[in-house]
Amino acid sequence: MFRGNTFGIQEVEFLFRANDSIPGKVTLYEINFAHNGQYVDFYRWDGGIQLSEFTPLVPSLTYSIPGGINNGDRVRGQMVGNTLSAWIDKGAGWVLIGSASDTAGPNGGAVITNGTPGIGFFKTSGSGDMNQYGFFDLKVTELP
């Protein structure tokens, strides 16, 4: 990861099962990594484009990263079945940050069952430049 002069709310987001094939509607799962480690949140985006149209899979601020995310740290996310998981490596090996499951679908499974992966970035107005938090490099792999 790269973290420059960050403040306010700045996020790197891993997206899973994203689908935007219907104009004005997006569905996906998301893991948000706050630049300062205050939260690692897990959400389902239910179709609208407003921030209020997210469904938290666990309460916000359930998971955090003490000391924040710093230069050289690595983050990882995955979704298997209906469960999202996030890890961090601060140089000493991968440590599980937390997991969250979506059980609102049929038979207690995921609501969103297909789509593509992606990445996103978010910041609030007045939170500094977009070029102050992101990736040095990125590797995406599909699980067997």
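Derivation of every value follows stated rules applied to the coordinates shown; laboratory data play no part. Only a predicted model underlies this, so the values are computations on that prediction, with no experimental measurement involved. Positions of Cβ are backbone-derived with ideal geometry, glycine not excepted, and every protein chain shown enters the neighbour counts.
The figures follow:
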quantity	calculated
Mean Cα-pair separation over length for the range 2-134, i.e. relative contact order, pairs under 8 Å, 6 or more apart, %	32
Dipole magnitude of the range 13-104 about its Cα centre (Cβ charges: Lys, Arg +1; Asp, Glu -1), debye to nearest 20	180
Those lysines that a straight Cα-Cα span of less than 23 Å connects to Lys25, excepting residues fewer than 8 apart in one chain	Lys123
Summed side-chain charge close to Glu142 - residues other than Glu142 whose Cβ falls under 15 Å, Lys, Arg +1, Asp, Glu -1	+3
Loop-exposed chymotrypsin sites (Phe, Trp or Tyr not before Pro) per DSSP, neighbour cap 15 Cβ within 10 angstrom, longest uninterrupted part of the chain	8-134
Neighbour-count ranking [beta-carbon atoms within 10 angstrom, fewest first] of Asp137, Asp41	Asp137, Asp41
